[in-house]
Amino acid sequence: MAVKWENAIIAPEGLKLSIIFFLVALISFIGGYYIISGAVFLLFLFNLFFFRNPKRIPPEGPYIVAPADGEVILIKSIYEDRFFKGEVNLVSIFMSVFNVHINRAPYDGRIIDFKHFDGKFFSANLDNAFEENERNFVFIETPEGKKILYSQVAGLIARRIISEVRVGDYIRKGNIVGLICYGSRVDIFLPKEIRLKVKLKDKTKAGETIIGVIE
């Protein structure tokens, strides 16, 4: 499964907003509102930067990769009661507004479940955000028979979660699976037998940084 805009330089969601900002800046400039025009033009440039879609080359082999760019802010063992119904390791990656916000598949596999949960909009870097914030859960079964779960979590500012996958899709490691607008986090839940390869405060790149190994 690959989204239609896999090779786009800018994610379509951001391109639409960027065009609006550019037109407002242009109209303001023509009308003589130069300060407003300059401010909106800066928003136009930032929006292009925010929705950038750099190429990523995933590592070959039994390596689970980060689903998001950002910083590892939480690693903990939890009991996951919706999908695994057992103990798993949770790795949370926080995305600031300066990170690439396109999310990528952590591993090859078929999507066997998808759930959206309404919730609150706490700051995404809080520990309880993965339980209480609005979020999408995507549950994957790998060719090895392992289960992997990731969730796109809304934040204080990020209130739009876009998912490009549905149940039955087969995704490849590094494929684009969605994005979250304007800063948030992505959580990934891994079975205990998967060896983690990241630690707190590590920086990650979606589709490239190895966070676990299937052994």
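Readers should treat all values here as calculations from the given coordinates under stated rules, not as data from a laboratory. Values in this document were obtained by computation on a predicted structure and should not be read as measured data. Neighbour counts run over all protein chains shown; Cβ positions are idealised from the backbone, glycine included.
For Pro62, what is the net charge nearby, where nearby means another residue's Cβ is under 13 Å from its Cβ and Lys, Arg count +1, Asp, Glu -1?
Local charge sum for Pro62: -1.
Along each of its three principal axes, how wide is the spread of alpha-carbon positions in the chain, in whole angstrom units, largest first?
63, 33, 30
From Cα pairs below 8 angstrom and at least 6 apart in sequence, can you work out the relative contact order of the chain, rounded to a whole percent?
Reported relative contact order: 26 percent.
Using a Cα-Cα cut-off of under 19 Å, which lysines could be cross-linked to Lys16, ignoring same-chain neighbours fewer than 8 residues away?
Lys4
Size of the dipole of region 63-213 about the Cα centre, Lys and Arg at +1 and Asp and Glu at -1 on the beta carbon, nothing else charged, in debye to 20?
My answer is approximately 240 debye.
Can you tell me the FRET efficiency between Leu200 and Ala39 if r is taken as the Cβ-Cβ distance and R0 is 45 Å, rounded to the nearest 0.05?
Numbers: r = 37 Å, r/R0 = 0.83.
Rounded to the nearest 0.05, the efficiency is 0.75.
I need the calculated FRET efficiency for the pair Glu60 and Ile19, taking r as the beta carbon distance and R₀ as 41 Å, to the nearest 0.05.
The pair Glu60/Ile19 has a calculated efficiency of 0.60.
Per 0.36 nm of contour for each residue apart, how much would the distance between Asp113 and Asn7 grow if the chain were fully extended, relative to their Cα-Cα spacing?
Residue separation times 0.36 nm, minus the Cα-Cα distance, leaves 35.5 nm.
Round to a whole angstrom and tell me the spacing of the C-alpha centers of region 71-121 and region 148-215.
6
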